[in-house]
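Some notes on the structure that comes next.
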Amino acid sequence: MILQETLDIATRGRGTQEISAQIAAIVSRSGIHTGLAHVFICHTSASLLLSENADPDVRRDLERFLQRIAPDGAPWYAHDAEGPDDMAAHIRSVLTASELTLPVRAGRLALGTWQGVYLWEHRHAAHRRRVIVTVHGEAA
Amino acid sequence: MILQETLDIATRGRGTQEISAQIAAIVSRSGIHTGLAHVFICHTSASLLLSENADPDVRRDLERFLQRIAPDGAPWYAHDAEGPDDMAAHIRSVLTASELTLPVRAGRLALGTWQGVYLWEHRHAAHRRRVIVTVHGEAA
Amino acid sequence: MILQETLDIATRGRGTQEISAQIAAIVSRSGIHTGLAHVFICHTSASLLLSENADPDVRRDLERFLQRIAPDGAPWYAHDAEGPDDMAAHIRSVLTASELTLPVRAGRLALGTWQGVYLWEHRHAAHRRRVIVTVHGEAA
């Protein structure tokens, strides 16, 4: 069994937004009991993050970390066609995840207690981002 | 065909331990000839690593690398609820892998000659870590 | 349905080469309409990259970025059996991807408009690299 759906997500510029519930809803609609859910972002300047979902300071510190190692407008970037956050966004995407596979168990997305899935917009401007979710496995 | 099993792994604090054999055993039990094995860690302060399995210095150098770019107790971390290694552990998890998909070929886990799968504990204290392994594909 | 094939790719030393077309060809041969394509590199000193495929400066800047954070011959590397690029190559592999899962939709590899899949050789010498591609899902 397989179900593939596309999410169209509006971002408000650089930052994270949780998409765990939207993925869980697709898992639920799939009717799959045991399997996997694959999440893929069709862009190279926004990415996915699997991280701690309790204290928002964790995501703020992750943001600071990326700003430190891949700063906007570093003088050695050759690629700056779309502005100082263009190349930084590509580096940030490579260091995080463009796709994630998550277990489905007993008909539900089997994340750990403190795990959430986030879409991470790396550009400063708001964007529309496309995410393809594919759930496959066996029914009960 | 699909087989999903959970590993409950005791760590001894920060460091790597190989789990290739435990994953290979689940692949063997699954009876799957051609397919994929997915490995997922249900935590955000421990992660997975696919790396060189011959010289232990490789993993020591990887440890040093993470300590350099994501040091314990960096003064700019806002999140330190569980101590100086708390936020460092989250960054280290993001930079490595929370999940891995590995090929199954001819009924066996098809890693390269020098590849091993490791669980990487990023907290200094010992922990129990849960790993969900899902093997799917076709029988011979 | 599942199709698993192996690519044997000759590299010319450090740098990226696009392999999207080779993966797309396997997807096409598989006859799968809706599913996933998994790409796995059987090495720990070369890796995979999903990145921007229009301006080559993006990959040049990614190369510079890795050279800055994981320089060849850093004085603190203990592992240098194969030369100054040996440990750097392992770190670069960990920070990028050893495996990628990509959606298959309507019988085609469903990458975003600006996404390409690259093999990234991290050693300075030319190598032969083995990549296992596994396509699974449902026919139309």
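The values are calculated or read from the model by the stated rules, or taken from the named source; none is laboratory data. Because the structure is a prediction, the values reported are computed rather than measured. Here Cβ is always computed from backbone atoms with ideal geometry, including for glycine, and neighbour counts include all displayed protein chains. Just so you know, the surface numbers come from the protein's heavy atoms only, side chains and all, with ligands and any DNA or RNA stripped out. Shrake-Rupley method; radii C 1.70, N 1.55, O 1.52, S 1.80 Å.
Scanning the stretch B:99-140 for residues that are in a loop (DSSP other than H, G, I, E, B) and either closer than 30 Å to B:M87 by Cβ or hydrophobic (A, V, I, L, M, F, W, C) (or both) gives B:A106, B:A110, B:L111, B:W114, B:H122, B:R123, B:H124, B:A125, B:A126, B:H127, B:A139, B:A140. Filtering the stretch B:33-53 to residues that are open to solvent by 10 Å² or more (accessible area, probe 1.4 Å), out of contact with any Asp or Glu (no Cβ under 8 Å at 6 or more places or on another chain) and within 11 Å of chain A (Cβ to nearest Cβ) leaves B:C42, B:H43. Which of the residues belonging to the stretch A:12-27 are open to solvent by 10 Å² or more (accessible area, probe 1.4 Å) and more than 21 Å from B:E5 (Cα to Cα)? Passing the criteria: A:R12, A:R14, A:G15, A:T16, A:Q17, A:E18, A:S20, A:A21, A:Q22, A:A25. Filtering C:A81, C:A97, C:A46 for residues that are more than 23 Å from A:S45 (Cβ to Cβ) and within 13 Å of the chain's Cα centre (by Cα) leaves a single hit, C:A46.
Taken as a whole, the structure leaves A:R105 outside the set of residues that are open to solvent by 10 Å² or more (accessible area, probe 1.4 Å) and either under 12 Å from the mean Cα position of the chain (by Cα) or more than 12 Å from chain B (Cβ to nearest Cβ) (or both). Taken over the stretch C:90-128, residues that are more than 15 Å from A:E99 (Cα to Cα) and of a type in the set (A, V, I, L, M, F, W, C) amount to 8. Only residues that are within 14 Å of chain B (Cβ to nearest Cβ), among the small types (G, A, S) and touching a strand residue (DSSP E or B) at 6+ places or on another chain (Cβ under 8 Å) were counted across the stretch A:54-95, and they come to 1.
Within the stretch A:63-85, does at least one residue satisfy the condition of being within 22 Å of C:L50 (Cα to Cα), at pLDDT 95 or above and of a type in the set (S, T, N, Q)? Checked against the condition, which is being within 22 Å of C:L50 (Cα to Cα), at pLDDT 95 or above and of a type in the set (S, T, N, Q), the stretch A:63-85 yields at least one hit.
When the stretch B:108-122 is filtered for residues that are over 13 Å from the mean Cα position of the chain (by Cα) and of a type outside the set (A, V, I, L, M, F, W, C), the ones remaining, listed by number, are B:R108, B:G112, B:T113. Counting the residues of the stretch C:112-140 that are closer than 22 Å to C:I9 by Cβ, within 7 Å of chain A (Cβ to nearest Cβ) and open to solvent by 40 Å² or more (accessible area, probe 1.4 Å) gives 0.
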